[in-house]
Amino acid sequence: MGERDGILDNHSHEPVPKQEQVSGVRIAVIIIGIAITLPAFLLGAEVVSSLGFGPGFLACVIAGVVLTLIATLTMLVGTLTHLSTAAIIRLTFGSTGSKFVNTLLSSTLFGWYGITAVLFGQVANRTIEDVTQINVSSMLLIISGSVLMVLTTIFGFRAIDKLSRVAVPLLALMLLAALTLVFQETSWTELAQLRPLSGQGSVYGIGHGASLIIGGFMVGVTITPDMSRFARRASDAVTGTLMSYGSMSQVVLFLTGVPALVMGEKDLIMTMAMLGLGLPALAVMLLATWTTNVNNLYSASLSLAQVLPRRWPDWLTTVFAGIAGTVLAIIIGREHFVDFLTFLSIAIPPIAGIYITDFFLLRRLTIHPSTQDSIPSWNRAAFIAWLMAGCFGAYEVLNKSSVTGVQALDTVITAAILFYLFSRLTNGSR
């Protein structure tokens, strides 16, 4: 019993032991595997097809720079503390207050899980029917995939690490194959001259496109401590960031939008089917969904572990998260995807801005082991900063305005500044 519990222990409440820490390259491979997924493909197609080749590329570059800067800080917090995101949030927002934040964060991850599972069910159903003329229920595909993902997630970081090392090279090969076929018909010069697809109005500018990308990836950036806590040293965290958010993630995002612009089809799987890659693409999308949703469940279970009674074993929390995510997958719809990303760009980025400020400026890189046992129930400065930054972000979205040009970045900066000022005025950080 004790050996099994050790294998299934996700270290929800304590730092990752030294013998389980790994290199930055392995952290990067996991993050890339998480980023290469169906919702990301849909997002890349949405932005590039709405803006066109040049503006779409610029939106991806802006988003990549912003995400890299923020992800470097969030990953360093995880590496230097070796604590999960939920445990870090507990230190910042308080033992009781953090339960609200972690509940929102886990609910958001359920949303990502649901969107990914629904997209996979719809795509798999359509592709299987086109190839075999057999109609397999989308709901059956969603539930079957969820069972597989829950079983993998139960074994935690080690299972995610092994899965990513297999999936990421295959995903890269499939994307390269699709692009090769596209370039057989279209040159770079012709690509640069392509205009946005007619009737595309969901992304209304470069800043909005970059904000959607940042908002879509900010959940992942906010929870990077869940992975970077396994890094050995600070340099490994930086390596992991540069190899993932600083390069591959945004390159993949943009390149998945290119076939959509050329073929006039936002659905990458349908685009690949049009290029003659239907079945191989379906197999790779299965891997993409698997790697991403396993991470969604893993981080959701870590957040829930800070909310549920501590006597709950980690594997049981994971099963609970999987059931909740599957139920949400059945009731959520693809048509709400952009609205969901807009909500994320308002609610989630301030959380990262607050705990980054707490760790680097207020705690000055120091968290003593006894700190986790002596934190207050509520940190009013953190909550006020979070709410005000969220309201400011909502105002910008409604009025289609932004100080920096990227609304998600505005909320991070606003939350960080307000939290620092309120903490200095009220000593609320202690």
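For residues in segment 220-241 being open to solvent by 20 Å² or more (accessible area, probe 1.4 Å) and of a type in the set (A, V, I, L, M, F, W, C), which is farthest from ILE30 (Cα to Cα)?
It comes out as ALA234.
So if I check each of THR116, THR132, which one is more than 24 Å from PRO313 (Cα to Cα), surrounded by fewer than 15 Cβ atoms within 10 Å (Cβ to Cβ) and not small (Gly, Ala, Ser)? Even if it seems obvious, please write down each step before you answer.
On the way: THR116 fails: surrounded by fewer than 15 Cβ atoms within 10 Å (Cβ to Cβ).
Testing whether each residue is more than 24 Å from PRO313 (Cα to Cα), surrounded by fewer than 15 Cβ atoms within 10 Å (Cβ to Cβ) and not small (Gly, Ala, Ser) leaves just THR132.
How about segment 397-429: which of its residues are under 24 Å from VAL65 (Cβ atoms) and assigned to a loop (DSSP other than H, G, I, E, B)?
Passing the criteria: LYS400, SER401, SER402, VAL403, THR404, GLY405, VAL406.
Looking at segment 26-46, is at least one residue open to solvent by 10 Å² or more (accessible area, probe 1.4 Å), among the charged types (D, E, K, R), within 18 Å of SER301 (Cβ to Cβ) and in contact (Cβ under 8 Å) with a residue 40 or more places away in the chain?
no
Is there a residue in segment 86-96 that is in a loop (DSSP other than H, G, I, E, B), on the phi > 0 side of the Ramachandran plot and out of contact with any strand residue (DSSP E or B) (no Cβ under 9 Å at 6 or more places or on another chain)?
Yes - at least one qualifying residue is present in segment 86-96.
So which pairs qualify, if the first residue must be in segment 223-237 and under 9 Å from LEU76 (Cα atoms) and of a type outside the set (Lys, Arg), the second must be in a loop (DSSP other than H, G, I, E, B) and open to solvent by less than 10 Å² (accessible area, probe 1.4 Å), the Cβ gap must be under 8 Å, and the two must be at least 6 apart or on different chains?
So the pair list comes out as PRO225/LEU83; PRO225/SER84.
Would you point out the residue of segment 405-430, among those that are among the polar types (S, T, N, Q) and touching a Gly at 6+ places or on another chain (Cβ under 8 Å), that is least open to solvent (accessible area, probe 1.4 Å)?
THR411
Mind checking whether some residue in segment 291-306 is among the β-branched types (Val, Ile, Thr), under 21 Å from GLU46 (Cα atoms) and either surrounded by 24 or more Cβ atoms within 10 Å (Cβ to Cβ) or modelled with pLDDT of 80 or more (or both)?
yes
Could you check segment 135-146 and list, in sequence order, the residues that are in a helix (DSSP H, G or I) and open to solvent by 80 Å² or more (accessible area, probe 1.4 Å)?
MET139, LEU140
Among the residues of segment 115-133, is any within 15 Å of ILE323 (Cβ to Cβ) and either assigned to a helix (DSSP H, G or I) or of a type outside the set (Ser, Thr, Tyr) (or both)?
Yes, that holds for at least one residue.
The values are calculated or read from the model by the stated rules, or taken from the named source; none is laboratory data. As the structure is a computational prediction, the values presented were derived from the model and not from experiment. Positions of Cβ are backbone-derived with ideal geometry, glycine not excepted, and every protein chain shown enters the neighbour counts. Only protein heavy atoms, including side chains, enter the accessible area calculation; ligands, DNA and RNA are left aside. Shrake-Rupley method; radii C 1.70, N 1.55, O 1.52, S 1.80 Å.
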